[in-house]
Amino acid sequence: MTQRFEGRVLLTTGGGSGLAAAVARRYSQEGGRVAVLDIDAGRAEAVAGQLPGSIGLACDVASEEGVRDAVARVLREFGRIDAAFNAAGHADFGPIEEWTLERWNRMLGVHLGGTFLVCKNVLPIMRAQGGGSIVNTASIAAITAQPFNAPYGAAKSAIAGFTRQLALEAAPLVRVNVVAPGRIRTGMTEPLWKMRGGGDIDKGQSQAANLNMLKRVGEADDIAGPVCFLLSNDAGFMTGATVVPDGGETLI
Ligand SMILES: NC(=O)c1ccc[n+]([C@@H]2O[C@H](COP(=O)([O-])OP(=O)(O)OC[C@H]3O[C@@H](n4cnc5c(N)ncnc54)[C@H](O)[C@@H]3O)[C@@H](O)[C@H]2O)c1
């Protein structure tokens, strides 16, 4: 394993599970320390506890004060923040007529609002340090239409647009890119596949796998690789880019 992140610090949201937990583990394996933020403190601490020199913190990314205080605490703890991965989020589907404004606002507030709040708070720190890299999380739902998924698709499309705009504003010191994953096996998708498979998770998973060229669903480590690439100097000439690890699903 190379040590691309020696001496560096990553702040990740949603780090108690799934994609961000895999990114936290990879970042740590490659020499970095990680602040694992999650709305579920126990999950954040469980992940961070396995990673040398890392910490787990409770943080609801939809809370302005919560994000401000968590970022300040990470800076106090580590003295620097070199990278941020915004991945906190939840799935919520249904016919649009059934959506209340409150439910819609929560979708937008967690995914888009949380991404905004973390970017806003880490950007001045990264600039003052002379550089940094942020990766936001969209989804293939930002690119293709999916049944009863309009609010999630709206949030994810907005994150992709926000990333492109912010990349210009953050340059030249800070790079901002977005990852738009396909169907990845995590705590978010497993219940969904069980439901779609009529109680049979393997059936639901193989339906999802059949939608892409590679005929398998992704694992969290399939996303950790591209995200850590974007967070590293290997992607030093990339900013404002949308990277789509989806097994080719959006091309067919
Ligand atoms: N799994 C997929 O197939 C897939 C595909 C495309 C995009 N995504 C996106 O990737 C991100 C991570 O999802 P995942 O699949 O790893 O799901 P996951 O459920 O395994 O992990 C999400 C984590 O976010 C945390 N979280 C939820 N709301 C939060 C909040 N308000 N503040 C802080 N933490 C919060 C949860 O507690 C959980 O630990 C999400 O933004 C999701 O929309 C996932």
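The values are calculated or read from the model by the stated rules, or taken from the named source; none is laboratory data. As the structure is a prediction and not an experimental result, all values here were calculated from the model. Glycine also receives a Cβ, built like all others from the backbone with ideal geometry; neighbour counts cover every protein chain displayed.
Got a sec? Which of 220, 235, 224 is touching a Gly at 6+ places or on another chain (Cβ under 7 Å), buried (at least 16 other Cβ atoms within 10 Å of the Cβ) and under 30 Å from residue 171 (Cβ atoms)? Working first, answer last.
Values: 235 fails: touching a Gly at 6+ places or on another chain (Cβ under 7 Å); 224 fails: touching a Gly at 6+ places or on another chain (Cβ under 7 Å).
Going through 220, 235, 224 in turn, the sole match is 220.
Results for (1) in contact with a helix residue (DSSP H, G or I) (Cβ under 9 Å, 6 or more places away or on another chain); (2) more than 15 Å from the ligand (Cβ to nearest atom); (3) in a helix (DSSP H, G or I), shown as yes or no for each residue.
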site	(1), (2), (3)
152	yes, no, yes
159	yes, no, yes
166	yes, yes, yes
181	yes, no, no
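Yes or no: the stretch 185-207 includes at least one residue that is surrounded by 15 or more Cβ atoms within 10 Å (Cβ to Cβ), among the hydroxyl-bearing types (Ser, Thr, Tyr) and touching a helix residue (DSSP H, G or I) at 6+ places or on another chain (Cβ under 8 Å).
yes
Could you tell me whether the stretch 37-50 includes any residue that is buried (at least 18 other Cβ atoms within 10 Å of the Cβ), within 16 Å of residue 126 (Cβ to Cβ), over 16 Å from the mean Cα position of the chain (by Cα) and at pLDDT 95 or above?
Scanning the stretch 37-50 turns up no residue that is buried (at least 18 other Cβ atoms within 10 Å of the Cβ), within 16 Å of residue 126 (Cβ to Cβ), over 16 Å from the mean Cα position of the chain (by Cα) and at pLDDT 95 or above.
So residue 190 passes all but one of these: (1) away from the ligand (no atom under 12 Å from the Cβ); (2) within 30 Å of residue 32 (Cβ to Cβ); (3) of a type in the set (Asp, Glu). Which condition number does it fail?
Every condition holds for residue 190 apart from (1).
Can you pull out every residue in the stretch 217-238 that is among the hydrophobic types (A, V, I, L, M, F, W, C) and either within 12 Å of the ligand (Cβ to nearest atom) or in contact (Cβ under 8 Å) with a residue 60 or more places away in the chain (or both)?
Correct list: 217, 220, 223, 224, 227, 228, 230, 231, 235, 238.
Assess whether residue 133 counts as being closer than 24 Å to residue 245 by Cβ, out of contact with any strand residue (DSSP E or B) (no Cβ under 9 Å at 6 or more places or on another chain), at pLDDT 95 or above and of a type in the set (Gly, Ala, Ser). Step through it out loud before you land on a result.
Working: closer than 24 Å to residue 245 by Cβ: yes; out of contact with any strand residue (DSSP E or B) (no Cβ under 9 Å at 6 or more places or on another chain): no; at pLDDT 95 or above: yes; of a type in the set (Gly, Ala, Ser): yes.
No.
Within the stretch 1-22, restricting attention to residues that are more than 8 Å from the ligand (Cβ to nearest atom) and in a strand (DSSP E or B), which residue is nearest to the chain's Cα centre (by Cα)?
The residue in question is 12.
Being under 26 Å from residue 80 (Cα atoms) and modelled with pLDDT of 95 or more narrows it down to one residue among 153, 109, 114; which is it?
Being under 26 Å from residue 80 (Cα atoms) and modelled with pLDDT of 95 or more holds for just one of 153, 109, 114, which is 114.
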